[in-house]
Amino acid sequence: MTEFLQSTFLGAELGWFVGTLALILLIALPLMLAVAMIIYVDRKIWAAMALRKGPNVVGPFGLLQSFADGLKVFLQETIIPSSANKGLFLLAPIITFTVALLAWAVIPFGEDMVLANINIGLLYILAISSLGVYGVVIAGWASNSKYPFFSAMRAAAQMISYEVSIGFILISVVLFAGTFNLSEIVLSQEGHIFGMVNAYGLNPLLFPMAVVFLIASMAETARHPFDLTEAESELVAGYQTEYSSMSFALFWLGEYANILLMCALNVILFWGGWLPPLDVDWIPWFDIPGIIWLFGKMFFFFFIFSWVMATVPRYRYDQLMRLGWKIFLPLSLLWVVLVSGYVMIDKFGLPL
Amino acid sequence: MQIFAFYLFASVVLASGAMCIFSRNPVHSVLWLILAFFNAAGLMVLVGAEFIAALLVIVYVGAVAVLFLFVVMMLDIDFAELRAGFMKHLPLGLLLALVLVVEIIFGVGAWQSSGMGQATAAVGIPEGAPSNIEQLGALLYTKYVFLFEAAGMILLVAMVGAIVLTHRTRSGVRKQNVANQVARRPEDATRNTQPEVGKGVEL
């Protein structure tokens, strides 16, 4: 589309600008819609596991519930506590929301369906996700209130701890794929095991990392069972306690956009992205557009997130730290060594 | 477009650096510092060093500055005392700044007079060249491998040192041992007894 606009009357510079802007909107607006619907799905799954009905009043099957909620928060008053640090208080939800959208720039939705096909896609995602913690920390500090502050401290410690092991997991994938580019990582998974499976996750060497990454992505998004930052039994609502109206809604949207992003990363890094599960031709599934495979797999992972949320009790804080530093970190470090050893032997043979 | 971006990033770096020094609240200082780091990463992207830019954001913004923020938020800081210190250390600070400025001037002068500047500026990054990461890796793990490993060793020693200095074993603390808890069976922990009437159970 960018090339097409550049060839019209707009010229190279302006055409590129308009085309990129249109593509950004093409990703961001459906993403917001997806977030609204995924919140509904989340509540429905959660309700079903608790043998309840869930939202079923607004629209058919309650499908429009999220939009009704959105309208409600939009009409509410934005309350700023008098002792809060005003500028930072309002900046925090904006940071969370913006950062949650930024990462989608490098996510490949299909072959050549990516906004920015950059060489360091995975590093970019790592950098952006490490920025996510600032929204929470600033919110907690600027609220000038005890519970949000505790929540911010927890969030900072939690995200740093899990980012380390996520980094190592990503490195083991990068070593296998030989590139940081997300599209190429997906393509390198095609016909992976004996030319059959389109997924790194089923490789016996990488399967443990796929599991660790799924759990670490739950911790990274502060999702159940690691939602200690907003543990309602201890911290009221965590860093969101003092927020109301749209500033609260921005936190919510950002949080769910992050969860969707982590689902997408799980799919892209370990489960073949937009490729069908098996690399065989006698099932006509290569005719199904790749984006449907990607969304289907993402939905599956979101279901796992919801399932965990409905069934697993919350971790205690020391258990969370123990899992991050004493189990995931050594395990993923060991796996980096194992994977790089395997890659060396695979490429250059045994050193004899 | 590039010129515009350069001046945008550069002016924001300078402005936020100044604000980092002049803002009265230390938490605001750290936040300005983070903005400066982030825009420095933008400058790195402009010169085509996207790998360094990503590392700058991941390491400095994502980890180091978060810890800074963490510590500064937890500290109970006396602002009046801080401002008194500012005036006291001003001469030393100015001296350090002067030394740095002179170093930069000499560095840039040497770079320009040796003709390195013109050579790299004229060539630029050729189309289809191996990516930043590959080039850095090829240099780091071959030519500079010993320096690289030495840096790694120093960091490791620093880490071990920090842990040794801050670690203390407390006595009288009952720690949770998850492996023991998982390995515990009902047979080890409970027993069924049928005490006779009027008799208790011996523990």
Response to the item:
Taking the range A:18-55 and the residues there that are in a helix (DSSP H, G or I) and not aliphatic (A, V, I, L, M), the one that is farthest from A:F299 (Cα to Cα) would be A:G19
Worksheet item: A:W271 is checked against (1) surrounded by fewer than 23 Cβ atoms within 10 Å (Cβ to Cβ); (2) touching a residue at least 60 places away in the same chain (Cβ under 8 Å) and fails just one. What number does that condition carry?
Response: (1)
Worksheet item: Would a scan of the range A:139-153 turn up a residue that is more than 10 Å from every other protein chain (Cβ to nearest Cβ), surrounded by 23 or more Cβ atoms within 10 Å (Cβ to Cβ) and among the basic types (K, R)?
Response: no
Discussion item. Filter the range A:58-80 down to the residues that are farther than 15 Å from A:R43 by Cβ and part of a loop (DSSP other than H, G, I, E, B) and list them by number.
Written reply: A:Q76, A:E77, A:T78, A:I79, A:I80
Worksheet item: Consider B:I34 against the criteria (1) of a type outside the set (G, A, S); (2) more than 25 Å from A:I166 (Cα to Cα); (3) modelled with pLDDT of 85 or more: it satisfies all of them except one. Which criterion is unmet?
Response: (2)
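Return yes or no: is A:L131 part of a helix (DSSP H, G or I), under 20 Å from the mean Cα position of the chain (by Cα) and closer than 15 Å to A:E255 by Cβ? So that I can check it myself, show each step before the final result.
Values: part of a helix (DSSP H, G or I): yes; under 20 Å from the mean Cα position of the chain (by Cα): yes; closer than 15 Å to A:E255 by Cβ: yes.
Judged against the criteria, A:L131 is a match.
Could you say whether any residue in the range A:301-311 is hydrophobic (A, V, I, L, M, F, W, C) and under 21 Å from A:L187 (Cβ atoms)? Walk me through it before giving the result.
First, pick out the residues of the range A:301-311 that are hydrophobic (A, V, I, L, M, F, W, C): A:301-305, A:307-310.
With under 21 Å from A:L187 (Cβ atoms) added as a condition, the list becomes A:301.
Yes; the residues of the range A:301-311 include at least one that is hydrophobic (A, V, I, L, M, F, W, C) and under 21 Å from A:L187 (Cβ atoms).
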Worksheet item: Are any of the residues in the range A:119-131 polar (S, T, N, Q), closer than 18 Å to A:T229 by Cβ and within 13 Å of chain B (Cβ to nearest Cβ)?
Response: yes
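The values are calculated or read from the model by the stated rules, or taken from the named source; none is laboratory data. Quantities reported herein were computed from a predicted structural model and do not represent experimental measurements. Note: ideal-geometry Cβ built from the backbone for every residue, glycine included; neighbour counts use all protein chains shown.
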